[in-house]
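Contents: one structure, followed by commentary.
The values are calculated or read from the model by the stated rules, or taken from the named source; none is laboratory data. All values reported here derive from a predicted model rather than from experimental measurement. Note that we place each Cβ from the backbone using ideal geometry, even for glycine, and neighbour counts take in every protein chain shown.
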Amino acid sequence: MRPVIGVVADVKPSRKHVWHKVQDKYLYAVARGADAEVVILPGRLSATDAGERSISPDLDRLLAFLDGVFLPGSPSNVDPAVYGGERTFADELLDRDRDDLSLPLVRAAVERGLPLLGVCRGFQEINAALGGTLHQHVQDVGGFNDHREPDGDLATQYAPAHEVALVEGGILHELAGVARVQVNSLHSQGIDRLAPGLVAEAHAPDGLIEAFHVAAARERGAFAVAVQWHPEWRVWADPLSTALFRAFGEAARAYAAAR
């Protein structure tokens, strides 16, 4: 039986409606790369025609039928208020409805030992949810490179951008079987202070943390990993991306079997 993996959606208002969206590449990577059934998880459900602002999801009910949680990337950023920061980016880059789901969902998943994988914004969400902080504009911080994507088509934007050094003995090092890999880079935010209980898995040449795992999860044999780059992009074409989603799927199957 294939495990059921929940994928957190962006919440995007348009001129007339509010949309809950997930890019196809993320759903494909989870469905095929992790060999799982995919369920899209909406954020707060806004009641635009009623007095009540929104309805928050019941985490206990969600987690009762999920075998894993995937936190995808997004054009939006985590609200800096979550980690005590003062926002320095535009209003349209906020998605507080997603924050309201993803941050408590991360904490609940870690507590339960539910398999967890985060990518880009998902990587940043896990760090913020567990007590870490973020640089809002890495390119403006002394000592760091510009990690934003180049102009051009998707193939150009998602092309390998720089090398990362994998921490010896880490989960990604074991999956890759090599010490260094090439990754894409499409982000302006990045790790400032790593949250307590998170262990770095990879670093960019400028020292920026590019991946981590949750120490408590690894200690009890659970899977909770996040990366700053985008392994979902042509997941079948990159050995580490393929291995990462396969490991996530295997962890979800094991969780389902142990219910």
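Numerical summary
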read-out	value
Residues of the stretch 189-206 satisfying the condition of being within 21 Å of residue 77 (Cβ to Cβ), touching a strand residue (DSSP E or B) at 6+ places or on another chain (Cβ under 8 Å) and not acidic (Asp, Glu)	189, 190, 191, 194, 198, 204
Residue identified as within 13 Å of residue 3 (Cβ to Cβ), crowded, with 19+ Cβ neighbours inside 10 Å and either hydrophobic (A, V, I, L, M, F, W, C) or touching a Gly at 6+ places or on another chain (Cβ under 7 Å) (or both) among 251, 258, 204	251
Residue match in the stretch 55-62 (condition: in contact with a helix residue (DSSP H, G or I) (Cβ under 9 Å, 6 or more places away or on another chain), at pLDDT 95 or above and not in a helix (DSSP H, G or I))	no
Scan of the stretch 1-54 for residues that are modelled with pLDDT of 80 or more, among the aliphatic types (A, V, I, L, M) and in a loop (DSSP other than H, G, I, E, B), ordered by number	1, 9, 22, 34, 36
